[in-house]
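Working notes, structure below.
Every read-out reported here was derived from the displayed coordinates using simple, explicitly stated rules and does not represent laboratory data. As the structure is a computational prediction, the values presented were derived from the model and not from experiment. Every residue, glycine as well, gets a Cβ built from its backbone with ideal geometry; the counts of neighbours run over all protein chains shown.
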Amino acid sequence: MSAIALRNVQKRFGNVDALRGIDLEVDSGEVFGFLGPNGAGKSTTIDILLHYTHPSSGSVEVLDHDVTANPVAVRNRTGILPEGFAAFETMTGRQHVEYAIESNAADDDPDVLLERVGLEGVGDRLARDYSKGMTQRLALAMALVGEPDLLILDEPSTGLDPHGVRRMREIVRAERDRGATVFFSSHILEQVEAVADRVGILRGGELVAVDTIDGLRGAVDADAELTVDIAEDPTALAPEIDSLEGVSSVIKRDGELVVACTNEAKLSVLDEIRAAGGTVRNFTTGEASLEDLFVSYTEGAR
Ligand SMILES: Nc1ncnc2c1ncn2[C@@H]1O[C@H](COP(=O)(O)OP(=O)(O)OP(=O)(O)O)[C@@H](O)[C@H]1O
């Protein structure tokens, strides 16, 4: 069953095509990471899911409701962490959570929620005096009110320290284990990797990939890195290795040869070094970084 189904969703702002025909299904109970560089259309998609803005065309179903026809039914069952949440001037942290509980006709204990996000002991302070990370934690506590079926988190890690990022992940996992669907946006693949079942990558208003992280790695012929420690000076060997098939770059770093190449080319690089009279003392290989992967999907983004 899908928690979210977008079919050919387009959004035009004046002469800007923010979304150019998005087709996406997010399964119920799934953690879905929605990725893309600045301006790719992530917030626009989230606004459309919540019916804060109309799509120019296409259909949007969330939790089995047509969002255009029934936005209130969707929002009642959705916890939202908006981008750039701003606290009310005169309310404490606890009062914010109490307000969210009342508006949702829920029966959560505000102190339990504050503790869950790491704000125990500061609930009586005015939320306008909270730091950025504390404000983000408060917004998460409000999103969790009423055990929503769907959590929509817009850049949830913004402003969080490493403890906060870890806690956010733990909460996302716990919410999934409870049966909720989590849809969250980010422009950092590393933050998505640890927690998302699948990711979608948006580029210039188009969904260029929807897959698991491993699937994305497999689909992109991202270069691996081979670092070779050679007994002799490696400088003379570099041009020969550079000309091998599957090798995209060769550099000397700390006296070692660092070769960017396809997985298949790794062995021929080592063979070539030996054939040219080099003595391989040691070598290490590494996968393409997540950053490389993200860049390879979003390069040339409009
Ligand atoms: N209200 C608006 N009026 C005009 N253009 C808009 C409006 N909202 C968004 N856009 C444009 O739509 C495109 C997508 O913007 P959006 O905010 O959805 O991107 P994003 O992926 O959330 O980016 P970021 O990571 O920077 O938050 C951009 O080109 C943006 O300038």
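Here segment 223-286 is assigned +1 on the Cβ of each Lys and Arg and -1 on the Cβ of each Asp and Glu. Its dipole about the Cα centre then comes out at about 120 debye. Taken over the C-alpha atoms, segment 84-191 has Rg and Dmax values of 13.1, 37 angstrom.
Sorted largest first, the principal axis extents computed over the alpha-carbon atoms of segment 178-302 equal 59, 34, 23 Å. Got a sec to turn the phi values of segment 236-251 into Karplus ³J(HN,Hα) couplings, 6.51 cos²θ - 1.76 cosθ + 1.60 with θ = phi - 60°, whole Hz, x for Gly and Pro? 3J(HN,Hα) across segment 236-251, in whole Hz: 5, 7, 3, x, 5, 6, 4, 7, 5, 5, x, 9, 9, 7, 9, 10. Each Lys and Arg adds +1 at its Cβ and each Asp and Glu adds -1 at its Cβ; summed about the Cα centre, the chain shows a dipole of about 780 debye. Scaled against the 2.2 N^0.38 Å expected of a compact globular protein of N residues, the Cα radius of gyration of the chain reads 1.24. By other beta-carbon atoms within 10 Å, ranking 266, 42 with the fewest at the front produces 266, 42. Taking amide H as placed 1.01 Å from N in the peptide plane, the amide H of residue 209 sits under 5 Å from that of 201, each at least 5 places away or on another chain.
Under the 0.36 nm per residue contour assumption, what length would be gained going from the current alpha-carbon distance of residue 281 and residue 57 to full extension?
Working: separation 224, 0.36 × 224 = 80.64 nm, distance 6.11 nm.
Once the chain is fully extended between residue 281 and residue 57, it gains 74.5 nm.
Within the straight-line cut-off of under 20 Å between alpha carbons, the lysines reachable from residue 11 are 42, sequence neighbours fewer than 8 places apart in one chain being disregarded. Here is the tail figure for segment 223-286: Cα pairs spaced more than 20 Å apart come to 9 percent of all pairs.
Go ahead and set up a Gaussian network model of the chain, Cα springs under 10 Å, then flag whichever of 83, 272, 115 fluctuates most. Result: 272 has the largest fluctuation of those listed. Separation of segment 22-63 from segment 219-258 is 42 Å, based on Cα centroids. Counted over segment 80-209, the DSSP beta bridges are approximately 35% antiparallel. Backbone N atoms of segment 134-175 closer than 18 Å to the 7 Å Cα→Cβ label point of residue 16 belong to residues 155.
Summing charges over neighbours of residue 281, with a neighbour being any other residue whose Cβ is under 11 Å away from its Cβ, gives -3 when K and R count +1 and D and E count -1. Considering helices alone, the calculated mean residue ellipticity of the chain at 222 nm is -9000 deg cm²/dmol, with DSSP H runs of length four and up weighted by -39500 (n - 2.57) and normalised per residue.
When the Cα positions of 16, 104, 52 are compared along the charge dipole of segment 2-218, 16 comes out farthest toward the positive end, with charges on each C-beta of Lys, Arg, Asp and Glu.
For the chain, complete DSSP H runs whose alpha carbons reach 15 Å or more along their own long axis and whose mean Kyte-Doolittle score is 0.5 or higher are 132-144.
When all alpha carbon pairs of segment 17-73 are counted in 10 Å bins from zero, the resulting P(r) reads 21, 55, 24, 1 %. Each residue, residue 112 and residue 27, gets one label point 7 Å from its Cα in the Cβ direction; the gap between the two is 2.9 nm. Over all distinct Cα-Cα pairs of segment 7-140, the Kirkwood formula returns a hydrodynamic radius of 16.9 Å. For residue 223, no residue whose modelled amide H falls within less than 5 Å of its own remains once neighbours fewer than 5 places apart on the same chain are excluded.
Extending 7 Å from Cα along the Cβ direction at residue 129 and again at residue 238 yields two label points whose distance is 5.8 nm.
Listed by chain and number, the lysines whose alpha-carbon sits under 25 Å from that of residue 266, ignoring those within fewer than 8 places in the same chain, are 252.
Roughly what % of DSSP beta bridges within the chain run antiparallel, to the nearest 5?
Details: 39 of 57 bridges.
Approximately 70 percent, going by the DSSP bridge assignments.
The simple Förster model, with R0 at 51 Å and r as the Cβ-Cβ distance, assigns residue 68 and residue 169 a FRET efficiency of 0.95.
Taking the number of other C-beta atoms within 10 Å as the exposure measure, put 51, 163, 96 in order starting with the fewest.
Numbers: 51 20, 163 10, 96 23.
Ranked by crowding around the Cβ, least crowded first: 163, 51, 96.
Mean projection of the Cα convex hull over all viewing directions, computed for segment 255-299: 4.1 nm².
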